[in-house]
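Inspection log for the structure reproduced underneath, given as structure tokens.
The values are calculated or read from the model by the stated rules, or taken from the named source; none is laboratory data. On a predicted model such as this, the values are computed, not experimentally measured, just so you know. All Cβ positions, glycine included, derive from the backbone under ideal geometry; neighbour counts span all protein chains shown.
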Amino acid sequence: MVRLDPCMLCSAPCCKDYTVTTTSFDVLRISKRSKIPAGKFARIVECTLLNKDPQTVIRLSDGDFPEGYMLIIKSHPCFFLDIHNKCIIHDYAPHSCTRYPFNIAGEMNARFCPALSKILFKIQGPMLPLEPYMKEINAYRELVQEWNDNPGRHHECLEWFLQKSAKWKF
């Protein structure tokens, strides 16, 4: 059965206007496949999401306040969105993108999707099955916990996560 890509019918409001959260595993995969250094498209930023996964919030040792941080793709618009509002890394995009508009519970939140895309998502389901996504998320949660047990400084964080993530095999 041929799978139609619902995202190809969209003008990408989610990719233009919202923060694209990611994991260090996503960043490694994207960097390897795109040949773009991670520091050019990924960053550690202050956590501003209201509905975040608390197990993926990173603590840093620099600064006076124990604020939470998260790993993201440079967004607003997404670093990988072309002038035609199409993702240039769609085949190896962050798993949060390939699971969109479905959450971990399998519920669909497609309020930004055009009607035809919503219908296709309802029929076909997410682009990425839940099992590989959860394996990666759980591994990333372990790395975040390891980092948070002995938090380092902001400038060390991304490289630490990438080095640790490179040792995992999925």
Near pairs, Cβ below 9 angstrom, 6+ apart or cross-chain, from the range 131-150 (free of Cβ contacts under 8 Å to residues at least 40 places away in the same chain and more than 18 Å from residue 59 (Cα to Cα)) to any residue that is assigned to a helix (DSSP H, G or I) and not hydrophobic (A, V, I, L, M, F, W, C): 132/95; 133/95; 133/96; 133/98; 133/99
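Take residue 141 and decide whether it is farther than 28 Å from residue 17 by Cβ and among the charged types (D, E, K, R).
It is false that residue 141 is farther than 28 Å from residue 17 by Cβ and among the charged types (D, E, K, R).
Among the listed residues 105, 12, 42, which satisfies the condition of being over 22 Å from residue 164 (Cα atoms), among the aliphatic types (A, V, I, L, M) and in contact (Cβ under 8 Å) with a residue 12 or more places away in the chain?
Details: 105 fails: in contact (Cβ under 8 Å) with a residue 12 or more places away in the chain; 42 fails: over 22 Å from residue 164 (Cα atoms).
After applying the criteria, what remains is 12.
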Matching residues, the range 91-138, being within 19 Å of residue 169 (Cβ to Cβ), hydrophobic (A, V, I, L, M, F, W, C) and either at pLDDT below 90 or touching a helix residue (DSSP H, G or I) at 6+ places or on another chain (Cβ under 7 Å) (or both): 128
Pairs with Cβ under 6 Å, 6+ apart, first in the range 113-126 and surrounded by 15 or more Cβ atoms within 10 Å (Cβ to Cβ), second of a type in the set (A, V, I, L, M): 117/9; 118/110; 120/4; 121/110
